[in-house]
Amino acid sequence: MKLREMLYGVSRVEICGTLPESLLNACAKQALNLWDLETVDAFTLRASLAHKQLNLLRELAVKCQCQVTVLRRSGGSDSLRMLRRRMWLLFGAVLTAALLLASSLFIWEIQVQGYQKLSEGRILRALADCGVERGSFWPSLEPDQIRSRMLLELPELAWMTVRVSGCRATVLVSERVEKPELYQEDRAAEILAKKTGIIVSLAVRNGRALVSPGDSVLAGERLVTGRMDSLSHPPRYVRADADVLADTWYEWTAVCPHAQIYKRGPGSLHHRYALKLGKTRINLYGNGKKTLDGYDKIVHEYPLGIRGLFALPLSLIEERLQRYEPGETTEDFAEEIGPRLERRLLESIDGQLLSSKLSLVQGNDRIYVTLRGQCRENIALLRELEEEQAAS
Amino acid sequence: MKKIRALASDLSEKLQLPQEALLGAAKLSVTAGRRVLIENHRGILSYGPAFIAVSTGDAQISLNGKELKLLAMNREELLIGGEIQSIVWG
């Protein structure tokens with residue numbers, strides 16, 4: 001049935017008479033629209049017309065000496081009449097519409113966009129503290145207040161905005177860009193040793209070197225000073241600048257067990273379902289307190305609604321429980337640990353690894369892997385001098 | 001009256017104006033032999049699946065065909081569907 005017919009209501013009638021054409025002409029003169037005309041025989045026609053024009057057709061039929069019989073009525077008030085006979089259906093439809101309308105006043109879906117360093121969970125928690133969470137009544141939210149509170153809660157944010165459309169809140173955040181450290185040429189500074197080692201070479205661009213190649217230095221020791229003494233003038237303070245290459249030594253130890261436990265499987269797969277109505281969870285399974293030792297639990301949540309358009313406060317939760325058997329392996333993990341230690345050491349230094357040596361020590365139930373490495377790296381650490389220090 | 005109509009007809013021909021607009025003359029449009037639109041009709045004279053006769057006031061349009069059906073009708077226009085085999089104007 002066409003939408004127009006469903007809304008306005010259509011009657012299918014049978015016109016009988018000696019000259020049914022005369023009725024057609026009379027209908028045309030009275031602007032009575034007929035469609036889907038069908039000839040049954042020389043004296044009978046069938047046609048469709050709008051409900052509201054049925055009485056006019058009857059009047060015209062009398063004048064044209066024709067008889068009108070209604071064969072079928074559909075749509076319009078008839079549909080309502082049908083609903084009247086099915087009160088529960090009508091009640092259900094009204095209730096659903098009311099629930100949909102009411103639920104659209106609450107937030108059921110929160111989308112966070114624009115974050116990079118901050119985690120979505122942290123933003124959502126901060127939003128919840130500001131009153132924006134699943135089930136919040138959005139007409140009572142004040143975006144300006146939320147923004148102010150969020151910027152206080154998360155200092156990493158530069159700005160943010162909350163846009164609510166239907167029952168979906170879109171939170172757009174922009175993170176603050178860290179201000180780069182400015183190079184202040186006129187600020188006096190000195191160079192200290194970042195690590196303990198033996199100096200290999202010094203390249204002093206500004207300041208006065210206090211050590212020379214071959215000297216051993218301790219971490220924190222002053223290598224290049226910013227104080228420039230003069231015989232004729234009082235001392236002058238400059239910003240020391242140098243690259244100091246030194247040999248350094250490291251000894252890192254990692255511990256690993258002889259045997260490791262791993263998951264052997266996959267075993268049998270079980271499904272459990274639950275409904276989440278707002279914040280209330282309704283388990284659709286018994287024995288919910290059963291321990292899940294020996295199971296991998298994978299949870300999927302399917303919210304009801306049209307994705308990206310609106311969401312309902314109802315979601316289906318599917319839990320997949322994958323059984324596994326714990327197994328034990330005595331593979332040689334020590335061999336894997338050595339290269340990992342070397343990689344981490346290289347990441348932590350500002351230079352190169354000259355030589356390294358691995359040693360293994362067997363304990364009762366553990367293996368101790370020790371890496372001893374010699375590195376060559378830049379150990380220069382710039383420290384700005386306070387004005388008082390510079391003055392003294 | 002006839003003289004006035006004849007005069008109007010001559011005038012519309014000389015001025016190259018459409019007669020259906022000026023005089024309310026009947027106009028017949030056929031689309032692909034499956035659909036006929038008659039404008040400015042004066043009523044149906046006969047209606048059946050094989051034959052439909054429509055009055056234009058001073059003439060009659062007779063449609064012969066198969067499964068002829070009146071699709072829509074109002075005071076001025078009349079739309080007929082079906083397999084048109086012949087049209088006679090006169």
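The values are calculated or read from the model by the stated rules, or taken from the named source; none is laboratory data. What you see is a predicted model; the values in this text were computed from it and never measured. We place every Cβ from the backbone using ideal geometry, glycine too, and count neighbours over all the protein chains shown.
When the residues of segment A:1-32 are narrowed to those that are over 19 Å from B:Gly48 (Cβ atoms) and within 11 Å of chain B (Cβ to nearest Cβ), which ends up surrounded by the fewest Cβ atoms within 10 Å (Cβ to Cβ)?
A:Ala31
Just one of (1) farther than 30 Å from A:Phe106 by Cα; (2) not in a loop (DSSP other than H, G, I, E, B) fails for A:Lys195. It is (2). For segment A:31-64, give me each residue that is touching a strand residue (DSSP E or B) at 6+ places or on another chain (Cβ under 8 Å) and of a type in the set (D, E, K, R). Listed by number, the residues that qualify are A:Asp36, A:Glu38, A:Arg46, A:Arg58. Of the residues making up segment A:198-221, those that are farther than 23 Å from A:Tyr250 by Cβ and either assigned by TED's automatic domain parsing to the domain that holds A:Gly351 or assigned to a strand (DSSP E or B) (or both) number 6. Taking B:Gly82 as the residue in question, decide whether it is assigned to a strand (DSSP E or B), within 14 Å of chain A (Cβ to nearest Cβ) and either among the small types (Gly, Ala, Ser) or exposed (fewer than 15 other Cβ atoms within 10 Å of the Cβ) (or both). Answer is yes for this residue. The residues in segment A:218-251 that are over 14 Å from A:Ile198 (Cα atoms) and β-branched (Val, Ile, Thr) can be counted, and the count is 3. Would you confirm whether any residue within segment A:81-97 is over 29 Å from B:Ala50 (Cβ atoms), surrounded by 15 or more Cβ atoms within 10 Å (Cβ to Cβ), among the charged types (D, E, K, R) and at pLDDT below 85? No, there is no match, as no residue in segment A:81-97 is over 29 Å from B:Ala50 (Cβ atoms), surrounded by 15 or more Cβ atoms within 10 Å (Cβ to Cβ), among the charged types (D, E, K, R) and at pLDDT below 85. Which ones in segment A:33-50 are closer than 18 Å to B:Leu79 by Cβ and either more than 10 Å from every other protein chain (Cβ to nearest Cβ) or surrounded by 21 or more Cβ atoms within 10 Å (Cβ to Cβ) (or both)? Result: A:Leu34, A:Leu37, A:Leu45, A:Arg46, A:Ala47, A:Ser48, A:Leu49, A:Ala50. Look at A:Cys66 and say whether it is more than 11 Å from chain B (Cβ to nearest Cβ) and either in contact with a Leu (Cβ under 7 Å, 6 or more places away or on another chain) or modelled with pLDDT under 85 (or both). So A:Cys66 fits the description; yes.
The one condition from (1) modelled with pLDDT under 90; (2) exposed (fewer than 14 other Cβ atoms within 10 Å of the Cβ); (3) in the same structural domain as A:Glu386 (by TED's automatic domain parsing) that A:Gln184 does not meet is (3). For segment B:39-61, the count of residues that are of a type in the set (Lys, Arg), farther than 18 Å from A:Phe43 by Cα and either away from chain A (no Cβ under 11 Å) or not in a loop (DSSP other than H, G, I, E, B) (or both) is zero. Scanning segment A:331-338 finds one or more residues that are at pLDDT below 75 and surrounded by 15 or more Cβ atoms within 10 Å (Cβ to Cβ).
Listed by first and then second residue, the pairs linking a residue in segment A:223-245 that is over 22 Å from A:Arg376 (Cβ atoms) to a residue that is hydroxyl-bearing (Ser, Thr, Tyr), with Cβ atoms under 6 Å apart and 6 or more places separating them unless they lie on different chains, are A:Gly226/A:Tyr237; A:Arg227/A:Tyr237. Taking into account only those residues within segment A:157-166 that are modelled with pLDDT of 85 or more and surrounded by fewer than 17 Cβ atoms within 10 Å (Cβ to Cβ), which is farthest from A:Leu105 (Cα to Cα)? Taking the candidates together, the pick is A:Ala158. Just to be sure before I move on: is A:Leu118 at pLDDT 80 or above and in a loop (DSSP other than H, G, I, E, B) in the structure I sent? Against the criterion (at pLDDT 80 or above and in a loop (DSSP other than H, G, I, E, B)), A:Leu118 qualifies.
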